[in-house]
Amino acid sequence: MTREDVFDLQSKTDFESVIRKLFLTSRQDKIARLRFEEGLHNQEIADRLNLSIAVVKKEFRAIKRKLDRL
């Protein structure tokens, strides 16, 4: 499964199965859900989770690396 496939997931079940396979940290899980389920951008995620935008970007890069390994 490629990163593009994740963006095109048709159902919540598909998304949940990908999330489980990635072994995300709690923070990465929250960031991924806000991005893919709610469509939030980095600044919105940072505001919602009370994080700096730099932390959100760092965690999202880590998520992308894990996706690349699938």
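Put simply, the amide H of residue 40, placed in the peptide plane, has neighbours under 5 Å in 35, leaving out anything fewer than 5 places away on its chain. Surface listing: 23, 60, 36 arranged by accessible area from highest to lowest gives 23, 36, 60, probe 1.4 Å.
Note that the range 15-69 presents 61 Å² accessible area per residue, ligands and nucleic acids not counted, probe 1.4 Å.
The values are calculated or read from the model by the stated rules, or taken from the named source; none is laboratory data. Keep in mind the model is a prediction, meaning the values are calculated, not measured. Quick note on the areas: whole protein, heavy atoms, side chains included, nothing else; ligands and nucleic acids left out. Shrake-Rupley method; radii C 1.70, N 1.55, O 1.52, S 1.80 Å.
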